[in-house]
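Here the structure comes first, spelled out in structure tokens, and everything after it is commentary.
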Amino acid sequence: MGALFGLAYAPQKGEKTREQIKNAVEPALDNLAPMIKKAQETARPIIAEVKKDLEKTSSETKKKVAASVNTIADEVPPSRNLLKPLKKRFFKTKKGK
């Protein structure tokens, strides 16, 4: 980094300075590409597993909330049962689930 700073203030033509910066940075970028690729390859299965776990947790949570709403709706007297419309609107269940 210091070399780049020194080059930026060196008394020479801008074209030559830019060429020196390019020559100093290119090898670092060439080394960085395989490291990024390896990090992506390592992260992919981890991200997939986390996504799968979140989907499972979300599904389980949704079922628990729906069950709680059903229980509460069943316990409220019919004349005061305000949860049934909510249950029908937000927790539509398919047969067998």
Flagged links, alpha-carbon separation over 26 Å, of 16/37; 13/37; 62/88; 63/88; 64/88: 16/37; 13/37
Projected label distance in nm at residue 88 and residue 26, using a 7 Å step from Cα toward the beta-carbon: 7.2 nm
Give me the distance in nm between label points sitting 7 Å out from Cα along the Cα-to-Cβ direction at residue 64 and residue 18, one decimal. 6.0 nm
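Values quoted throughout were computed directly from the atomic coordinates according to the rules given, and no laboratory measurement underlies them. Because the structure is predicted, anything quoted here is derived from the model rather than measured. Every residue, glycine among them, receives a Cβ derived from its backbone with ideal geometry; neighbour counts consider all protein chains shown.
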